[in-house]
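First up is the structure itself, then whatever we jot down about it.
Bear in mind that the values in this text are calculations on the coordinates, not laboratory data. Computed from a predicted model, the values in this text were never measured in an experiment. Positions of Cβ are backbone-derived with ideal geometry, glycine not excepted, and every protein chain shown enters the neighbour counts.
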Amino acid sequence: MKYVTSFERDALEEGIEKGFVLGKELGVVEGTEKGVLQGRLEVARNLVASGFSTEQAASIANVPIALL
């Protein structure tokens, strides 16, 4: 069994903490992007339901036609 020094332990704990922070930040960014896209898709679908063409709705809501 290998013993770790307090310096190694501190470095490991710091690395783990940085990993958690980075993971959380990436998750927030991904979640925000997904939420924005969902909102735009909802707008586009509502536009189609109101009589706009799929192409018009996609253009107005700035979403790919393929997602409608």
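Results, tabulated for the structure shown:
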quantity: Efficiency of FRET from Cβ geometry, E33 and I60, R₀ 22 Å, rounded to 0.05; calculated: 0.65
quantity: Folded to 0 to 90 degrees: helix 6-49 orientation relative to the chain principal axis, Cα; calculated: 10
quantity: The chain: relative contact order as a whole-number percent, Cα under 8 Å and 6+ apart; calculated: 23
quantity: Angstrom value of the Kirkwood radius, inverse mean 1/r, which spans all Cα pairs in the chain; calculated: 15.2
quantity: Ranked by how many other beta carbons lie within 10 Å on average, peptides 4-17, 54-67 from highest; calculated: 54-67, 4-17
quantity: Efficiency of FRET between L67 and E14 - r from beta-carbon atoms, R0 35 angstrom, step 0.05; calculated: 0.25
